[in-house]
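This is the structure I have questions about; it appears just below.
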Amino acid sequence: MCSISSWREINSASNENLCIESGICSECGKAIFFDENRGLLVCEECGLVHSEKHIDRGPEWRAFDADQKKKRTRTGAPMTYMIHDKGLSTMIDWKNRDIFGKEIPAKLRGQIYRLRKWQSRIRVSDATERNLTFALSELDRMASNLDLQKNLRECAAKIYRDAVEAHLIRGRSIEGVAAASLYAACRMYKVPRTLNEIADVARVDKKEISRSFRFISKELDLNLNPTKPLDFLTRFISELDLTTKCHKIAKTIIRMAEDRGLTSGRGPTGVCAAAIYASCILSNERRTQRSIARVSCVTEVTVRNRFSELVENLKIGISLKKNNK
């Protein structure tokens, strides 16, 4: 028979296991976290150690950079829309080495070469896959030039795939629809990129991208909101190397202009540029109209016109005759 002390030990151990499974401390009721360096399960509030030498269910290897982590992982790459087959097909490596790292004998190299050639042909089998292969590589090139993040590229690739499935590509250039998909993804994620910036890295003109964007947004029912001057403010302020004070003043001016209806029917980049120019005057951080126009991709005439409208309709304490030059 078990003694009273042994029963207490059994009960305490069972209660401890319940606490570990639930992830809640038995003393204070707060969450328990795993300390990887010491192998302990510790309460984040009272510091009570619930388990020592806890089993680490992670990998037994360590990686000190991204290349080592990629080489030592035992799973393949995740599914992605940026590859025409979504990354689910098998790749035959170009290196003449087997799974153990040994060189393939000369007798088998010809066979491996033929297998590699047929594998590349099988991966792209019909016209749709050839279309996706070219379009997705073009889309990745444009996104790399614009320094766009991965999730936005995936969204642009998904929009292009939807356009292909809806048979919207026929009669239009692949580059134009790919650029329009990238612009739609930028609008969807509220990343400030203008049509001029997209056209600079694309192999088609602005008119073609605009026409394709209007068509796919209508046919795919994207329901994209129009861009606002505030969407471009942070990037323009950063490129002009202005302070936080200037940013706050420009943001206030834009909100005042929106309340008065001065932004309707006007380009958002021009209004943003004029607000930045006014905030530079108020915060004594002088920037020329030419530098602001260059960053915001508008003309100096547009900056002057929008600035005159802001000064005339808003009481921001700026003399028009003195500063509009």
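The values are calculated or read from the model by the stated rules, or taken from the named source; none is laboratory data. Fair warning: this is a prediction, and the values are worked out from it, not measured in the lab. All Cβ positions, even for glycine, are placed from backbone atoms using ideal geometry, and neighbour counts span all protein chains on display.
Mind listing whichever residues of region 267-295 are within 26 Å of the chain's Cα centre (by Cα) and outside any helix (DSSP H, G or I)?
267
Return yes when residue 196 is modelled with pLDDT under 90, part of a loop (DSSP other than H, G, I, E, B) and out of contact with any Pro (no Cβ under 7 Å at 6 or more places or on another chain) and no when it is not. So that I can check it myself, show each step before the final result.
On the way: modelled with pLDDT under 90: yes; part of a loop (DSSP other than H, G, I, E, B): no; out of contact with any Pro (no Cβ under 7 Å at 6 or more places or on another chain): yes.
No; evaluated as a whole, the condition is false for this residue.
Residue by residue, here is whether (1) in contact with a strand residue (DSSP E or B) (Cβ under 9 Å, 6 or more places away or on another chain); (2) under 26 Å from residue 78 (Cβ atoms); (3) among the aliphatic types (A, V, I, L, M) holds:
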position: 97; (1), (2), (3): yes, yes, no
position: 105; (1), (2), (3): no, no, no
position: 117; (1), (2), (3): no, no, no
position: 135; (1), (2), (3): no, yes, yes
position: 142; (1), (2), (3): no, yes, yes
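Please determine whether any residue of region 238-257 is within 23 Å of the chain's Cα centre (by Cα) and part of a helix (DSSP H, G or I).
The answer is yes; a qualifying residue exists.
Also, quick follow-up: Mind listing whichever residues of region 199-214 are surrounded by fewer than 17 Cβ atoms within 10 Å (Cβ to Cβ) and in contact (Cβ under 8 Å) with a residue 40 or more places away in the chain?
Matches in region 199-214: 201, 203.
Oh, and also: Specify which of the listed residues (139, 148) is in contact with a Leu (Cβ under 8 Å, 6 or more places away or on another chain), closer than 29 Å to residue 198 by Cβ and in a loop (DSSP other than H, G, I, E, B). Quick ask: steps written out before the conclusion?
Working: 139 fails: in a loop (DSSP other than H, G, I, E, B).
Selected residue: 148, the only one of 139, 148 that is in contact with a Leu (Cβ under 8 Å, 6 or more places away or on another chain), closer than 29 Å to residue 198 by Cβ and in a loop (DSSP other than H, G, I, E, B).
Kindly indicate whether any position in region 47-56 is hydroxyl-bearing (Ser, Thr, Tyr) and modelled with pLDDT of 75 or more. Break it down into steps so the answer makes sense when it comes.
Here is the first cut: in region 47-56, the residues hydroxyl-bearing (Ser, Thr, Tyr) are 51.
If we keep only those that are modelled with pLDDT of 75 or more too, we end up with none.
No, because not a single residue in region 47-56 is hydroxyl-bearing (Ser, Thr, Tyr) and modelled with pLDDT of 75 or more.
What is the number of the single condition among (1) in a helix (DSSP H, G or I); (2) among the aliphatic types (A, V, I, L, M); (3) more than 18 Å from residue 190 (Cβ to Cβ) that residue 316 does not meet?
(1)
Consider region 124-159. How many of its residues are among the hydroxyl-bearing types (Ser, Thr, Tyr) and within 15 Å of residue 202 (Cα to Cα)?
As a first pass, look at region 124-159 and keep what is among the hydroxyl-bearing types (Ser, Thr, Tyr): 125, 128, 133, 137, 144.
The next check asks that each one be within 15 Å of residue 202 (Cα to Cα); those that pass are 137, 144.
Final tally of qualifying residues: 2.
Kindly indicate whether residue 196 is surrounded by fewer than 16 Cβ atoms within 10 Å (Cβ to Cβ) and without any contact (Cβ under 8 Å) to a residue 12 or more places away in the chain. Walk me through it before giving the result.
Values: surrounded by fewer than 16 Cβ atoms within 10 Å (Cβ to Cβ): yes; without any contact (Cβ under 8 Å) to a residue 12 or more places away in the chain: no.
Judged against the criteria, residue 196 is not a match.
A further question follows. Regarding region 68-83, can at least one residue be identified that is in contact with a Lys or Arg (Cβ under 8 Å, 6 or more places away or on another chain), part of a loop (DSSP other than H, G, I, E, B) and loosely packed, with under 14 Cβ neighbours inside 10 Å?
Yes - at least one qualifying residue is present in region 68-83.
Another one. Quick check: anything in region 274-294 touching a residue at least 12 places away in the same chain (Cβ under 8 Å), buried (at least 20 other Cβ atoms within 10 Å of the Cβ) and within 18 Å of residue 197 (Cα to Cα)?
Yes: one or more hits.
Could you tell me which numbered condition residue 180 fails, if it satisfies all but one of (1) hydrophobic (A, V, I, L, M, F, W, C); (2) free of Cβ contacts under 8 Å to residues at least 12 places away in the same chain; (3) assigned to a helix (DSSP H, G or I)?
Here residue 180 meets the rest and fails (2).
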